[in-house]
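**Student:** Can you keep this structure in mind? I'll have questions shortly.
Read-outs throughout are calculated quantities, based only on the coordinates presented, and are distinct from any laboratory measurement. For clarity, every value in this text was computed on a predicted model and none was experimentally measured. Methodologically, a virtual Cβ is constructed for each residue, glycine included, from the backbone with ideal geometry; neighbour enumeration extends over all protein chains shown.
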Amino acid sequence: MTVTVPPSDLAPRLKGLNLNQIPVPNGREEEWRFTPMKRIAKLHELSETESSPIFTISSPELVRIENAMITDFAAADRISAAAALLSSDGKSITIPKEVVLTEPVIVETTSKTDRSVGSLLLNLEKYSKGTFIIDHTGSGAIALAVEVNVAEGADATVISIHDGDRKSVFTGQQAIKLGKDAKVHHVAITLGGDMVRLVTTVEYTAPGGEAVMSGAYFTDAGQHHEHRLFVDHSVPNCRSDVMYKGALQGQDAHSVWIGDVLIRSSAIGTSTYELNRNLILTEGARADSVPNLEIETGEIVGAGHASATGRFDDEQIFYLMSRGVPEVQAKRLVVRGFLADVIFRIPSADLQNRLIKDVENKLGNADPLFAGVFDEQ
Amino acid sequence: MSTLEIKDLKVRVETENGPIDILKGVTLTIKAGETHAIMGPNGSGKSTLAYSIAGHPRYEIVGGSVTLDGADVLEMSVDERAKAGMFLAMQYPVEVPGVSVSNFLRTAVTAIRGEAPKLRDWLKEMKGAMTDLAIDTNFAERNVNEGFSGGERKRHEILQMELLQPKIAILDETDSGLDVDALKIVSDGVNRIRKSSEIGVLLITHAIRLLRQIPVDHVHVFVDGRIVAQGGPELAEQIDANGYEQFTVAVN
């Protein structure tokens, strides 16, 4: 029997680095149909003389920092390709072979100019281990291309925080390449901005790779938070595990989560699971959630996905209230806990505390009675 | 000295096939220091009584009254009932992802007492109560009920009862799903609270084994949404020997 594999819907997603071959999208394309194109328009008009965002890098000893451009980038869209090509002040940060960092590398990015493009190349050489925190704030529009190369046996944690002010636009792509038995834990935290649109892609170049992709977003009135993942299983015996959770509140709060996973015919022994949960706190908010699993071989360990969007669980609220906790505080606890589930995966207590505070601030004024309950622990 | 008075309580639930009357007029008084047991077959409405008194939104009160020391419990929100001194140990306590036991307990204690306990005193108090219930202290860092075994869930319920010091506690099927050792730990916990305070306790169960661990003053037999017989501990022994048929036949 001959089995004809139809051409994949997902495979052509990655476009390389030639701007001439990537037209400016009109908004009707599948990958742009959820995006408010006007709000991102100025990043589709990039010229060759764009300014760079300001990078402030603090890193432990042994980490190498150089000026470098990204040259081998499988861009998902024109803006990300442009960010890689036009960046005037790209940085390359390398954790050398077998070096295990105990402190994170922190890259603060901020854009004060109206528009900027930047690129970062994060390298983990063989059997190294370390955490990168990309912490984005500021007011302008920024397109950032990040390439993460995790070599054989290396173990990377990459945390990308998008907490720009309410006028800012953050977009771009973080492209992860995993070598043999390499691991990555990628965490996206999106709280701020007028809009954030992040594409995260995972490629496996050899067997044994493992990608854990976590995300948390809290989308307020008028904000657009879009997270698109594309995990390309092309080699045997690799694993991916995706969990994104979002809370939404207020008029025209809009979140988009797209989870594309492709298991090619060559990727036998693949194990993948993806999950997206959204908690809608008020009327007027909208969460789009599209898991998309394309499987070209039956010889896999497992593949699944789940997506659920709902309001508060009445049983949780009842349980907390039955212990004397007022309804407003019960709801705060549930939202805090819902997002903390992801935030507590970040291996930095300081950062956890800061992000939990940000979440609490978004929830509005707390009853002063409970103000100190969590602080001192 | 507190008194919970339930008078002619009638409760209805909405189902896909229309409303169903579950409680058909329940009258029961529980005073401080007393321990009562409601025994009845599955589906007789015992848990409905417990959840209605706690204020679960699923249950519609269609008649009767519930008062605690004269105050109208049915008019109170769920949290106000807890603050007034009511406590329900649940049969199936729910998971609350991302909320640690420690944060949950401290929030509840703060709500009930009206002020946040000082951290040092609080840690000592919580750890002491956990030790009494043979709960490992790393339990405090786990998420509420997430991945708990049946026994852990029940011990966690009794831990809350110990810390919140209610006036009246209703324990819904607290013995279900417990092995002999876990049942003893939980019963010892309840007995300790009974000894150290003037708490009134209502045990809801369908089997006698809990009542062999926790001595009761009054037994009420519950069938088809009503109390059909009342007596002392000997009534429980009679049910254990002969089952509920003698009562269900009488009702039907």
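**Student:** For B:Glu115, B:Glu34, which order do you get if you count the other beta carbons within 10 Å of each Cβ and list the fewest first?
**Tutor:** Ordered by Cβ neighbours within 10 Å, fewest first: B:Glu115, B:Glu34.
**Student:** When the Kirkwood radius is taken over all Cα pairs of segment A:1-142, what Stokes-Einstein diffusion coefficient follows at 4 °C and 1.567 mPa s, in µm²/s?
**Tutor:** 75 µm²/s
**Student:** Hey, what do the phi angles of segment B:154-165 turn into as Karplus ³J(HN,Hα) couplings, whole Hz, using 6.51/-1.76/1.60 and θ = phi - 60°, x for Gly and Pro?
**Tutor:** Per residue, the Karplus-derived 3J(HN,Hα) values read 5, 5, 5, 5, 5, 4, 5, 4, 5, 7, 8, 6 Hz.
**Student:** How compact is segment B:46-179 by the rule of thumb for globular proteins, expressed as Cα Rg over 2.2 N^0.38 Å?
**Tutor:** Rounded to two decimals, the normalised Rg is 1.08.
**Student:** For chain A, what is the relative contact order in percent, using Cα pairs closer than 8 Å and at least 6 residues apart in sequence?
**Tutor:** Once divided by the residue count of chain A, the mean separation gives 10 percent.
**Student:** Shifting gears a bit: Could you give the spread of the C-alpha atoms of chain A along their three principal axes, from largest to smallest, in whole angstroms?
**Tutor:** The principal-axis extents, from largest down, are 60, 56, 46 Å.
**Student:** Take every Cα-Cα distance within segment A:169-216, group them into 10 Å bins from 0 onward, and report for each bin the whole-number percent of pairs it holds.
**Tutor:** The calculated distribution, bin by bin, is 25, 46, 22, 7.
**Student:** Moving on to the next point. Taking every Cα atom in segment B:164-252, find the radius of gyration and the maximum pairwise distance Dmax, and write them in Å.
**Tutor:** 13.9, 43
**Student:** Whole Å is fine, so just give me how far the alpha carbon centre of segment B:93-108 lies from that of segment A:172-224.
**Tutor:** If we compute the Cα centre of each part, the gap is 29 Å.
**Student:** Identify all lysines with a Cα-Cα distance to B:Lys118 below 16 Å; exclude those on the same chain that are fewer than 8 residues away in sequence.
**Tutor:** B:Lys118 reaches B:Lys127.
**Student:** From largest to smallest, what semi-axes in whole angstrom does segment A:25-96 give when each is the square root of 5 times an eigenvalue of its alpha carbon gyration tensor?
**Tutor:** That gives 30, 14, 12 Å for the three semi-axes.
**Student:** From zero up to wherever the largest Cα-Cα distance of the protein assembly as shown sits, split into 10 Å bins and tell me the percent of pairs in each.
**Tutor:** Taking all Cα pairs of the protein assembly as shown, the binned fractions are 3, 15, 22, 20, 15, 13, 9, 4, 1, 0 percent.
**Student:** Starting with the fewest neighbours, write out B:Lys184, A:Lys362 ranked by other beta-carbon atoms found within 10 Å of each beta-carbon.
**Tutor:** Ordered by Cβ neighbours within 10 Å, fewest first: B:Lys184, A:Lys362.
**Student:** Ignore the peptide's own chain and count Cβ atoms of other chains within 10 Å of each Cβ in B:104-117; give me the average, rounded.
**Tutor:** That works out to 5 on average.
**Student:** So what is the relative contact order for segment B:46-121, in percent, with contacts set as C-alpha pairs under 8 Å and at least six apart?
**Tutor:** RCO, segment B:46-121: 22 percent.
**Student:** Sticking with this structure for a sec: What are the GluC sites (Glu not before Pro) within segment A:250-311 that DSSP puts in a loop, where the Cβ has at most 13 other Cβ atoms within 10 Å?
**Tutor:** Filter output for segment A:250-311: A:Glu283, A:Glu299.
**Student:** Name the residues whose placed amide hydrogens come within less than 5 Å of the amide hydrogen of A:Ser51, ignoring near sequence neighbours (fewer than 5 apart) on the same chain.
**Tutor:** A:Val117
**Student:** Right, something else. Take peptide A:178-186, look around each residue's Cβ out to 10 angstrom, count Cβ atoms belonging to other protein chains, and average those counts.
**Tutor:** Rounded to a whole number, the mean comes out at 0.
**Student:** At a 10 Å Cβ-Cβ cut-off, how would you order A:His44, A:His227, fewest neighbours first?
**Tutor:** A:His44, A:His227
**Student:** To continue, here is another question. Semi-axes of the equivalent ellipsoid of segment A:131-173: what are they in whole Å, largest first, if each equals the square root of 5 times a C-alpha gyration tensor eigenvalue?
**Tutor:** Each semi-axis is √(5λ); the values are 26, 11, 5 Å.
**Student:** Stokes-Einstein at 37 °C, 0.692 mPa s, Kirkwood radius from Cα pairs: D for segment A:314-377 in µm² s⁻¹?
**Tutor:** Diffusion coefficient, whole number: 262 µm²/s.
**Student:** Over the whole of B:75-83, what's the average partner chain Cβ count within 10 Å per residue? Rounded to a whole number, please.
**Tutor:** 5
**Student:** Here's another thing I want to ask about it. Tell me the trypsin sites (Lys or Arg not before Pro) within segment A:272-349 that lie in a loop according to DSSP and have at most 15 other beta-carbon atoms within 10 Å.
**Tutor:** A:Arg311
**Student:** Kirkwood Rh and Cα-based Rg: tell me the resulting Rg over Rh for segment A:124-249, rounded to two decimals.
**Tutor:** Rg divided by Rh gives 1.01.
**Student:** For segment B:169-252, what relative contact order do you get, as a whole percent, if you take Cα pairs closer than 8 Å and at least 6 residues apart?
**Tutor:** Contact order relative to length: 26 percent.
**Student:** Here is a further query. Let me know the volume per residue of the alpha-carbon convex hull for chain B, in Å³.
**Tutor:** 131 Å³
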